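The values are calculated or read from the model by the stated rules, or taken from the named source; none is laboratory data. For clarity, every value in this text was computed on a predicted model and none was experimentally measured. Glycine gets a Cβ as well: all are built from the backbone with ideal geometry, and neighbour counts include every protein chain shown. Remember, those area values only see protein heavy atoms, side chains included, never the ligands or the DNA or RNA. Shrake-Rupley method; radii C 1.70, N 1.55, O 1.52, S 1.80 Å.
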Amino acid sequence: MLGAIGRNGRKAVAGLLAATLAATLAIPAEAQSTRSRKFVRDAETEALLQDYVRPIFKAAGIRANSVELFLVQDPAFNAYVPSGRTIVVNTGAIIDSKTPNELIGMLAHETGHLAGDHTARLNEQLANAQTMATLGALAGIGAAVAGAAAGSGEAARAGSGIIAGSGEIARRSVLSYQRSEEMAADQSALIYLKKTQQSAKGMLDTFKRFADNTLFAARTANPYLLSHPLPRERVDMIQREATASPYYNKKDPPALVARHNMVRAKLVGFSGSMDEIMRRYPPSDTSLPAQYARAIAAYRNGNSQAGLKILDGLLKAQPKNPYFWELQGQINLENGRAGQAVPGFRKAVSLAPKSGMLKVLLGQALVETGDPKTTDEAIKNLTVGLQVDPNMGIGYRSLARAYAARGDIALADLATAQGEFAGGNYAAARQHAARAQKGLKPGSPAWIRADDIVSYHPDKPG
């Protein structure tokens, strides 16, 4: 019976069905764009974000170590939840948040998505929408085929309308669900902020900004075709609840504001153009954040000595700031002065002993010196650092070099395998792990770690 509409008819119906399903099940923009973004690692920024989310997570009943925070280099003021255990924060959200409270409000909103398991539920809605669109499209195809076979052009067109209409109904169903989840995340965020005795004014200011940016588009938008609530109704709800909180006028602690401004300056220094740096921190600005941004900019532009000179002034002002010492070590290390980098990293580790990243950087610098007397110190710092922060590929490479320098080839192979595994290169990881096992004592902790890698086979996509 399908043959009755001819080859062109079959192609048209199949194309319409495919287009309907594609429109209904489009991948969210965040998921698409994340793939092309540059992930950023920085101990200072990550420590600040963790301090922001820790009380929020506790209020939401979420274990802090069950959620990963990722930083991506993106100027947009945004953060989002791509999975049930991940929050992605754009550097632009930090740079353009004038107060800690603004960023905390945004993170509280994303925590609402996590606590509500919205990602998993949205996937269920998408699956339901696919079923709805598919059934409707099949019904439409049947009507179109029947109409074509009977020679009724009107019936065939009606069948095509059913196909398109079923996809539109499914799409609107998903968008309606997304709008309800956004409102639920807003309400949850307000609860978390109140529980932690924090003001929601920053959250209100942030969403007012979003409302101003989208106001023109929202004036002519069909409310049923939006994935987020209309800006004004969203702001009205947040304002009503925020101003009713007894903590509305509570200010951020000065020490937290100072840390926030230092991180903003650091990110501008590393990611901004010289024009942006000069605009945000003109020569007349002699504050510590301005000097921080200028020190980083000088080093980025090949003038490491000028950067170190500015940094000397920062260290005199704040000799117990671990991240100033880290930057000193980083500048020296990246300019081939590993021996001069070690003291800075050692000082940074002593001031922030819980940071796995700083321990890895110290271990890397010790390996780069090529001094056999520091091999054991390097292995200790790299091992402990990677236990705390297992996602640093450079740490595994440095650990492999340290073990090789000491003559422990099997452990060097195991470190290489772990690095490949962390990077998702499972075939290479299994190859190095199998080779490591041959030189390790069966049943030992190292042998078991190697065996875990050899035995691991990721699930096939789909």
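With a probe of 1.4 Å, find how much accessible area segment 394-438 has per residue, and write the answer as a whole number in Å². List each step's numbers first, then the result.
Numbers: 2160 Å² over 45 residues.
It amounts to 48 Å² per residue over segment 394-438.
Please name which of Q73, A93, I62 has its Cα lying farthest along the dipole of segment 51-103 towards the positive end, using unit charges on Cβ (Lys, Arg +1; Asp, Glu -1) and the Cα centre as origin.
I62
Give me the net charge for the shell around F77: Cβ to Cβ below 10 angstrom, other residues only, Lys and Arg +1, Asp and Glu -1.
Details: positive: R209; negative: D74, D96, E102.
Spelling it out: positives minus negatives among the neighbours equals -2.
Using a ≥ b ≥ c from the Cα gyration tensor of segment 338-404 (square roots of the eigenvalues), is it rounded, prolate or oblate, where a/c under 1.5 gives rounded and otherwise the larger of a/b and b/c decides, a/b for prolate? Provide the component values of the computation, followed by the final result.
Values: a/c = 1.84, a/b = 1.09, b/c = 1.69.
Here segment 338-404 falls in the oblate category.
Rounded to the nearest percent, how much of the accessible area of segment 401-462 (1.4 Å probe, protein heavy atoms only) is carbon and sulfur? Could you put the intermediate results ahead of the total?
On the way: 2030 of 3800 Å².
With neighbouring chains kept in place, the figure for segment 401-462 is 53 percent.
Cα-based count: Lys pairs in segment 324-462 below 27 Å, eight or more positions apart or different chains?
Count of close lysine pairs: 10.
State to the nearest 20 debye the size of the charge dipole of segment 332-434 about its Cα centre, where the only charges are +1 on K and R beta carbons and -1 on D and E beta carbons. Before the final figure, lay out each step's value.
Details: 11 positive and 9 negative charges, 48 e Å.
In debye, rounded to 20, segment 332-434 gives about 240.
Step through the residues of segment 270-278 one at a time and calculate ³J(HN,Hα) from phi using the Karplus curve (6.51 cos²θ - 1.76 cosθ + 1.60, θ = phi - 60°), rounding each to whole Hz and writing x for Gly and Pro.
Calculated HN-Hα couplings, in order: 7, 10, x, 6, 4, 5, 5, 4, 5 Hz.
Which whole-number value in Å² is the accessible area per residue of segment 258-348, probe 1.4 Å?
Working: 4160 Å² over 91 residues.
In whole numbers, segment 258-348 has 46 Å² accessible per residue.
On the accessible surface of segment 55-109, probed at 1.4 Å, how many percent belong to carbon and sulfur atoms? Let's see the in-between values first.
On the way: 990 of 1900 Å².
Ligands and nucleic acids excluded, carbon and sulfur reach 52 percent.
Run the paramagnetic zone check for R406: 7 angstrom along Cα to Cβ, then residues of segment 355-383 with backbone nitrogen under 11 Å.
So the set is 374-383.
Pulled fully out, how much extra length does the chain show between R397 and Y456, if you take 0.36 nm times their separation in residues and subtract their Cα-Cα distance? Mind showing how you got there, number by number?
On the way: separation 59, 0.36 × 59 = 21.24 nm, distance 2.09 nm.
Fully extending the segment from R397 to Y456 adds 19.1 nm.
For D96 and D51, FRET efficiency with R0 = 25 Å and r from the beta-carbon atoms, rounded to 0.05? Could you put the intermediate results ahead of the total?
Values: r = 19 Å, r/R0 = 0.78.
So the FRET efficiency works out to roughly 0.80.
Note down the accessible area of D42, probe 1.4 Å, to the nearest 10 Å².
20
Starting from the Cα of K441, step 7 Å along the direction of its Cβ; do the same at K373; then give the gap between the two resulting points in nm.
The two pseudo-label positions are separated by 3.1 nm.
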